[in-house]
Amino acid sequence: MVKPVLEGTAALVTGASSGIGAATAAALAAQGAAVALAARRKDRLEALAAGIRDQGGTALVLESDITDEKQAADAVGRTVAELGRLDTLINNAGVMLLGPAAGAPLSEWQQMVELNVLGLLYCAHAALPHLLRAAGDSPRQVADMVNISSVAGRAARNGNNVYSLTKHGVGAFSESLRQEVTKRYVRVSLVEPGATATELASHNRPEVLDSIRNQFGQTMGAEDIADAIIYIVTRPRHIAVNEMLIRPTEQER
Ligand SMILES: NC(=O)c1ccc[n+]([C@@H]2O[C@H](COP(=O)([O-])OP(=O)(O)OC[C@H]3O[C@@H](n4cnc5c(N)ncnc54)[C@H](OP(=O)(O)O)[C@@H]3O)[C@@H](O)[C@H]2O)c1
């Protein structure tokens, strides 16, 4: 039998309780990785972990709010302590609160900056020493940080304001970090999904939901994005997929 590509490696997925994160965690486990699942909704994580274990995989549940610097660092620390290492970080947790800037609740802007930017940075900062070590001592001799941005990280549109700001920031940070660590075989990749059917839009205020509903036509499934992430992290050591922009075929912008 062919050995799964990620056997012997450990991955941490943030925002693993739903959508793209949950699908990616299951897909990483199917490739042989032990997976740490971080999010706030523990019951969701437990259900996903049970499914992974039923398939013979290893899953660790980390109830964490990664907007808290200590909880983010602890999620990384517990992954390394309990799974023995960290080869792959999927920086996925995010929130998208859209609508006109004029009159927007500042709390929504704060929430997006705290999670999409600071939460991602806290995880990246805590994980980097472990990823650098993994790239040096693992059988694959390569480690991965995959940062989930968005089409909104490529182009700003009316109504996307602060969400777009956070995702442009993720893109800039990723490219700078990529240049810093790529010769040490930590690959930093940016994934920019278009419309994907998840819980993401449901957190918007009802009036915003009404106005954005007709923007969403054809959608991809969370598994489609997980598939792209798996492609990235299973490349041989000498290939780094730096960036992937993925839209449903009918999505024009
Ligand atoms: N769906 C799309 O169309 C689309 C398009 C482009 C980019 N993206 C990006 O894809 C990523 C995943 O989103 P999704 O579409 O899969 O949406 P989702 O189903 O709403 O998933 C978001 C995840 O983030 C977690 N999360 C939220 N606040 C958190 C916190 N403070 N600490 C830890 N985890 C937290 C949520 O879990 P808990 O609530 O349990 O904490 C959930 O697991 C996001 O970065 C999003 O911006 C999505």
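The values are calculated or read from the model by the stated rules, or taken from the named source; none is laboratory data. Every value quoted in this text rests on a predicted model; they were computed, and no experiment measured them. Neighbour counts are summed over all protein chains in view; Cβ atoms, including those assigned to glycine, are modelled from backbone coordinates with ideal geometry. These area figures cover heavy atoms from the full protein model, side chains too; ligands, DNA and RNA do not enter into them. Shrake-Rupley method; radii C 1.70, N 1.55, O 1.52, S 1.80 Å.
Remarks
- Looking at the stretch 161-253, the helices (runs of 4 or more DSSP H) lying wholly inside it that each contain 1 or more residues that are at pLDDT 95 or above and of a type in the set (Phe, Trp, Tyr) sit at 161-181, 222-233.
- Selection status of Leu60, more than 13 Å from the ligand (Cβ to nearest atom), assigned to a strand (DSSP E or B), over 24 Å from Leu190 (Cα atoms) and open to solvent by less than 40 Å² (accessible area, probe 1.4 Å): yes
- The listed residues are Glu114, Glu82, Glu108, and the only one of them that is open to solvent by 50 Å² or more (accessible area, probe 1.4 Å), acidic (Asp, Glu) and under 28 Å from Ala197 (Cβ atoms) turns out to be Glu114.
- Residue list for the stretch 217-234, restricted to those being free of Cβ contacts under 8 Å to residues at least 24 places away in the same chain and either open to solvent by less than 60 Å² (accessible area, probe 1.4 Å) or in contact with a helix residue (DSSP H, G or I) (Cβ under 7 Å, 6 or more places away or on another chain) (or both): none
- Val5 being at pLDDT 95 or above and part of a strand (DSSP E or B): no
- Criterion violated by Ala72 - all others in (1) within 11 Å of the ligand (Cβ to nearest atom); (2) over 20 Å from the mean Cα position of the chain (by Cα) satisfied: (2)
- Residue satisfying all of: in the stretch 171-210; within 16 Å of the ligand (Cβ to nearest atom), touching a residue at least 24 places away in the same chain (Cβ under 8 Å) and open to solvent by 50 Å² or more (accessible area, probe 1.4 Å); farthest from Asn91 (Cα to Cα) among these: Arg205
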